[in-house]
Amino acid sequence: MKIKTSQAKVGQMMVQDVFSMTNQPIVNRNTILNSEHLRVLTRFQIEEIDVLNESGFGTTLSNRKKETSIKGDSAKGEAAKSEEKALNVKPEKEEASFAGLYLQTVKRYKQLFTNWQSGSPVDMLEVRQSVLPVLEAGANVPREILLLHHYATSSDYIYHHAVSVGILSTFLAKKLNFSSGDCIQIGIAGVLSDCGMSKVQPTLLKKSGSLTTLEFDEVKKHTIHGYNMLKKIPSIKEGVLLGVLQHHEREDGSGYPLKVQGNKLHPFSKVLAIADVYLAMTAERPYRSKQSAFKVIEMMMKDQFGKFDHQVISALLSGLSTFSVGSRVRLTNYDVGEIVFIEESQPTRPMIKLDSTGEFLALKNRNDLFIEELLS
């Protein structure tokens, strides 16, 4: 919906790119507005912008959610059936509906997280009903996964991160040929991977600066907190439990909390580990700026070699490559262009057609440049 820029609020999402006097957007579509964006729009005298009207996108959770008071084996059976079918159902709306559905799910997760902070137990039926629609939709609009980092705000990072990890984990599991049921279980494990953060001091979750060693040790306990929150739930799957407990473990034993390694790691946790790190590095966080998807993948391949399962990394690379040809990007030197070709051997170093000159730039020959951001 179009609104006057003076009426725009922090947290709203741009539907269209905003241009001024050049062919390069000053604010990109899918950007979640913050105070700096609003200052830029005002400075450039942009009088009107197009933002997402959440009520007009997607199927609302209230319409899709069953009564959470339904208990017993029959309810669990229905939930299990819905999980088995979820990945085989096509989205009811066009791709644009995904943004609205995603933001609604983040709001719902935020409420669940607040309840856990207050001491409420995890209701798995409620969790499933809240997140299944977006896990289903994400699996069917994979290009949207590359734009997840645009939606997150630093203030609500933890809620966006949980939902995003669930979506990306479901997508990766599907590419790795897990069964439909296991894909959804992995997605649920992703959403719940940081549920233990609800037992960490809230001041640490909102701290704008880097954590001290003692503070980081406190935050690292969230994996054990999460495991303890879930372990007594009768319907919980072992893979979900171990995924939550082990998603910060590493193949070489350098992770936490138990320094488990190699074949002792549950397959679910190996998927979650990569989804978690990738999304953490590509999102805006309270104490760190977001980085481009391509730069993050390159860092995971080189700087953290041996820490992640290579098959899962390959699935992420495959997804990134398959859905990036034709994307518009901005480079670290601020040049803007379109990805026209990606070499299988160097998927993070594609060929770019530059808008400014029409020339083709092979990033494999320019190690000083990275793709800074996917614009669309």
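A protection proxy built from the mean count of other Cβ atoms within 10 Å ranks the segments 107-116, 354-363, most packed first, as 107-116, 354-363.
You can think of it this way: the chain between residue 365 and residue 26 has 119.2 nm of extra reach, that is 0.36 nm per residue less the Cα-Cα gap. The label-point distance for residue 114 and residue 355, in a model that sets each label 7 Å from Cα toward Cβ, rounds to 3.9 nm.
Once both labels are positioned 7 Å from their Cα atoms along Cα-to-Cβ, the gap between residue 235 and residue 221 label points is 3.0 nm. Classify region 252-361 as rounded, prolate or oblate, taking a ≥ b ≥ c as the square roots of the eigenvalues of its Cα gyration tensor: rounded when a/c is under 1.5, otherwise prolate if a/b is larger than b/c and oblate if not. Since a/c reaches 1.5 and a/b is larger than b/c, the shape of region 252-361 is classed as prolate.
Which residue, chosen from 104, 146, 119, occupies the Cα position most advanced towards the positive end of the dipole of region 92-149, where the dipole is computed from +1 (Lys, Arg) and -1 (Asp, Glu) charges on Cβ about the Cα centre? Of the candidates, 119 comes out farthest on the positive side. Charge dipole (Cα centre; +1 on Lys/Arg Cβ, -1 on Asp/Glu Cβ; no other charges) of region 184-279 amounts to roughly 240 debye.
For region 109-266, rounded, prolate or oblate, judged on the Cα gyration tensor with a ≥ b ≥ c (square roots of eigenvalues), a/c < 1.5 rounded, else prolate if a/b > b/c? The shape class here is rounded.
Rank by packing, highest mean first: peptides 166-177, 119-130, with packing defined as the count of other Cβ atoms within 10 Å averaged across residues. Walk me through the intermediate numbers first.
On the way: 166-177: 25.3, 119-130: 17.2.
By packing density, highest mean first, the sequence is 166-177, 119-130.
All of the numbers you see were taken from the coordinates with simple rules; none came from a lab. Being a predicted model, the structure only gives us computed values, none of them experimental. We place every Cβ from the backbone using ideal geometry, glycine too, and count neighbours over all the protein chains shown.
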